[in-house]
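Structure first, commentary second.
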Amino acid sequence: MYVIVVGGGKVGFYLAKTLLAEGHEVILIERDPVRSATLSQALNTIVLQGDGAEAELLEQAGMGRADVAVAVTGEDEDNLVVCQVAKRKFNVPRTIARINNPKNETIFKKLGIDVTVSSTDAILAQIEAQIPAHSLVHLLNLRAAGAAIVDVKLAHDSPAIGRPLRELNIPRDANISLIIRGSTGVVPHGDTVMQTGDDVIAVTSLKSEDTLRGILIGTGTGG
């Protein structure tokens, strides 16, 4: 696989290093001349010095035959431009952009970026997972569709404990997809009885998330 990485900071460096170790063909683009020279020696691969948002440099890097274009600079605007040029001018099959401000994720998606990665969201998810008072954790926000995949672990005081799924009055725009019980995955049906410690994975619309919270953990608008 041929991957072009734009941005030679720590993220770009370790990404390129890992991809090279796995046997992929990688070219790294870095704007700073001193940094690009250092990266070239450290990675023992081609590092182009210049502005990765410029179509001429991307063409020189061989963007036309790239399988994946990854933009991981410290500027969201630059990452957006790189991915748009890669997608629209060079028809790269897959574009991945680092997002430094999570508020920009919707814009990136609407403009056709295939994958966005927000370190802020990833860190928040890990923090939320450790806070019992906020045990409904977003696994994946499907903002464009107005939905979310969520995961909640049922505590002993959950109002759902001991009740079959069909009696929980789950909203029509929410669905319990999987229950992880110990080391076993259970595909639930109407007669499935909820137990303490069940790890419940559900798909819900964003507007019904609070209702689902009330049903499963006893807070929010539902109950």
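The values are calculated or read from the model by the stated rules, or taken from the named source; none is laboratory data. Only a predicted model underlies this, so the values are computations on that prediction, with no experimental measurement involved. Cβ placement follows ideal geometry from the backbone for every residue including glycine, while neighbour counts extend to all protein chains displayed.
Residues in region 15-30 that are surrounded by fewer than 17 Cβ atoms within 10 Å (Cβ to Cβ) and within 17 Å of Ala61 (Cα to Cα): Leu20, His24, Glu25. For region 68-80, the condition of being assigned to a helix (DSSP H, G or I), among the hydrophobic types (A, V, I, L, M, F, W, C) and either modelled with pLDDT under 95 or assigned by TED's automatic domain parsing to the domain that holds Gly9 (or both) holds for at least one residue. The condition of being in a strand (DSSP E or B) and aliphatic (A, V, I, L, M) holds for only one of Leu48, Leu39, that being Leu48. Restricting attention to region 1-14, which residues are more than 16 Å from Leu48 (Cβ to Cβ) and assigned to a helix (DSSP H, G or I)? Result: Lys10, Val11, Tyr14. Can you tell me which of Gly8, Gly74, Gly52, Gly12 is surrounded by fewer than 17 Cβ atoms within 10 Å (Cβ to Cβ) and either under 22 Å from Leu111 (Cβ atoms) or of a type in the set (Gly, Ala, Ser) (or both)? Just a single option satisfies the conditions, and that option is Gly74.
Collect the residues in region 180-195 that are surrounded by 13 or more Cβ atoms within 10 Å (Cβ to Cβ) and either within 13 Å of Ala160 (Cα to Cα) or more than 26 Å from the chain's Cα centre (by Cα) (or both), keeping them in residue-number order.
Step one: of region 180-195, the residues surrounded by 13 or more Cβ atoms within 10 Å (Cβ to Cβ) are 180-181, 186, 188, 192-195.
Selection gives Pro188, Thr192, Val193, Met194, Gln195.
Apart from one condition, Val68 fits all of (1) touching a strand residue (DSSP E or B) at 6+ places or on another chain (Cβ under 9 Å); (2) more than 30 Å from Ala147 (Cβ to Cβ); (3) aliphatic (A, V, I, L, M); the exception is (2).
If you take the residues of region 186-205 that are in contact with a strand residue (DSSP E or B) (Cβ under 6 Å, 6 or more places away or on another chain) and either without any contact (Cβ under 8 Å) to a residue 40 or more places away in the chain or part of a helix (DSSP H, G or I) (or both), which of them is nearest to Ala148 (Cα to Cα)? Selected residue: Pro188.
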